[in-house]
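Colleague: Below you will find the structure I want to go over with you.
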DNA sequence: CTGTAATCTTTATGA
DNA sequence: TCATAAAGATTACAG
């Protein structure tokens, strides 16, 4: 069907099993180049980056945050990000410290929310076939050249702003979003925290807050105290400072 | 865990095995409605249509054009089309009249060209879990905008300050540390960035920086420009502002 | 990612 | 008004 022009791909040099499999293949319809890759395991074109994960490794990489780090970077660097999930069988689910819900939750999220193309295979040989089919489609059928590509930065400005704010203590995505929506920029957020004061009862017990943050819900005196200490190095409190009745 | 509001989905009435599985489940966190569906097997929302295919059926439907017909119609009718591929194991590849290449070629095509989200499972129970997870995310957890970074276990105050600073663009641990050492608190760092100005050549090209950051190494006009935009929402530059020769 | 524990804010209640 | 308790929401952490 095809020309005898060989398909060319780049494989990360740590993928030794995959490399030796290609070495031992009879048909030399695919040539690979070993290289230390930072963001993908296999590169098929400048548009397509492939991550290969064995089932067991997929599950384990959920625990540390390796999995999403890798996949998000893959997505940032290639228009088409593909995850080849190899050997997802019963063994993968046995004797592991991760719930089935977590595994399939992650898999669903990756596939239909992150828009990373998941392709399951049952073993390494089949993985090689998938890679070959993709290379064939891209390089012969669609005639795209193989080139390295430079990393475009990926986080949107709004996301990055929330990202900075999440460095604060006792803050997660929810509160971070609320703060940016209200104050627009991180600097304004910090200024708002700076200018918020803790109000005390007559007996010097913390009661609430007063200032820019007071009309937002979810931010109390504990939050203000902790973060003022981190952000500005503020001392505990000036005794008998603000008294309300 | 979550709300006790039950998740609601619609299942095609011909999916008898799936229905009875849900009937027999202990937890009633998911309610389904039987209905004769034309284009999908399971509907989770107006946006999401799911097609469920057992491995053997998947392979067989390659020969006639049933599979692609179904999937294309699924894609036409739902913004998000999901294919749950159930039980793709070795048995599927034995004694069938379709080459492995064809199977994986089709699977790759569906996944990364057709942009249909493929989610593999190993059996019907796991398929049910996937459906449940998707319904859960769509109907309850729908409002999570961005992924969050995880802060290391226990952070000293100084480390936490560096961690906040690392949210800036073009900055890593080393520069973050340098900034904190010099300016002590994140707020002082942000103020320093705010008060640093970019100096331009006669021809209005950025040349360097002037202000609190100028005597630190590793911080140039690119850094200042990018982060002023992120932190304060500053505009590009006022033309003909500062000229040096 | 999920599920559970810990923490914080806010509302309710009684002194 | 203040203090405490209960309820609701969010974050932290482990798996």
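Where a number appears in this text, it was derived from the coordinates with a stated rule and is not lab data. None of these values were measured; they are calculated from a predicted model. Using ideal geometry, Cβ is built from the backbone for each residue, glycine included, and neighbour counts are taken over all protein chains shown.
Colleague: Antiparallel DSSP bridges in segment B:1-126: what percent, to the nearest 5?
Modeller: So the antiparallel bridges in segment B:1-126 amount to around 20 percent.
Colleague: Let me confirm one metric for peptide A:219-229, namely the mean number of other chain beta-carbon atoms within 10 Å of its residues' beta-carbons. Can you show the working numbers first?
Modeller: Numbers: counts 0, 0, 0, 0, 0, 0, 0, 0, 2, 2, 3.
The shielding value for this peptide is 1.
Colleague: Calculate the mean, over all residues of peptide A:157-163, of how many other protein chain Cβ atoms lie within 10 angstrom of the residue's Cβ.
Modeller: For peptide A:157-163, the averaged partner shielding equals 5.
Colleague: Nearest 10 degrees is fine. How inclined is helix A:173-183 to the longest principal axis of chain A, computing both from alpha carbons?
Modeller: Roughly 60 degrees, rounded to the nearest 10.
Colleague: Return a whole-number percent for the relative contact order of segment B:166-232, with Cα pairs under 8 Å and 6 or more residues apart as the contact set.
Modeller: Computed over segment B:166-232, the figure is 29 percent.
Colleague: Express in % the proportion of alpha carbon pairs of chain B at distances exceeding 35 Å.
Modeller: Counting every Cα pair in chain B, those more than 35 Å apart make up 48 percent.
Colleague: Give the nm distances, rounded to one decimal, from residue A:17 to the matching residue in every other copy, measuring between label points 7 Å along Cα toward the beta carbon; shortest first.
Modeller: 2.9
Colleague: Could I ask something else about it? Report, for the protein assembly as shown, the % of DSSP beta bridges that are antiparallel, rounded to 5.
Modeller: Working: 17 of 55 bridges.
The antiparallel proportion sits near 30 percent.
Colleague: Considering only chain B, what is the antiparallel percent among its DSSP beta bridges, to the nearest 5?
Modeller: Within chain B, antiparallel bridges account for around 30 percent of the total.
Colleague: So what's the angle, to the nearest 10 degrees on a 0 to 90 scale, between helix A:221-232 and the longest Cα principal axis of chain A?
Modeller: The answer is roughly 70 degrees.
Colleague: Right, here's the next one. Relative to the longest principal axis of chain B, what angle (0 to 90°, nearest 10) does the C-alpha long axis of helix B:124-139 take?
Modeller: Relative to chain B, helix B:124-139 is tipped by roughly 50 degrees.
Colleague: I want to check the label-to-label distance for residue B:20 and residue B:89. Put each point 7 Å from Cα in the C-beta direction and report it in nm to one decimal.
Modeller: Distance between the two pseudo-spin positions: 2.0 nm.
Colleague: Let me ask something additional. Using only the alpha carbons, work out the radius of gyration and Dmax of segment B:1-55 in angstrom.
Modeller: Final numbers for Rg and Dmax: 11.8, 35 Å.
Colleague: Relative contact order for chain A: what is it in percent, counting Cα pairs under 8 Å that are at least 6 residues apart?
Modeller: It comes to 14 percent, rounded to a whole number.
Colleague: Report, to two decimal places, the Cα Rg of segment B:1-101 normalised by 2.2 N^0.38 Å (N = number of residues).
Modeller: Values: Rg = 15.5 Å, N = 101, 2.2 N^0.38 = 12.7 Å.
Working it through for segment B:1-101, the quotient is 1.22.
Colleague: At 37 °C and a viscosity of 0.692 mPa s, what translational diffusion coefficient does Stokes-Einstein give for segment A:89-136, taking Rh as the Kirkwood radius over Cα pairs? Give it in µm²/s as a whole number.
Modeller: My calculation gives 260 µm²/s for D.
Colleague: Can I ask one more? Given R₀ = 35 Å, what would the calculated FRET efficiency be for residue B:115 paired with residue A:31, taking r from the Cβ atoms and rounding to 0.05?
Modeller: Between residue B:115 and residue A:31 the formula returns 0.75.
Colleague: Would you calculate, for chain A, the mean residue ellipticity at 222 nm contributed by helices, counting each DSSP H stretch of 4 or more residues as -39,500 (n - 2.57) and dividing by all residues, to the nearest 500?
Modeller: Details: 10 runs with 96 residues, N = 245.
That comes out to -11500 deg cm²/dmol.
Colleague: Taking a ≥ b ≥ c as the square roots of the eigenvalues of the Cα gyration tensor of the protein assembly as shown, is the shape rounded (a/c under 1.5), prolate (a/b larger than b/c) or oblate?
Modeller: Oblate.
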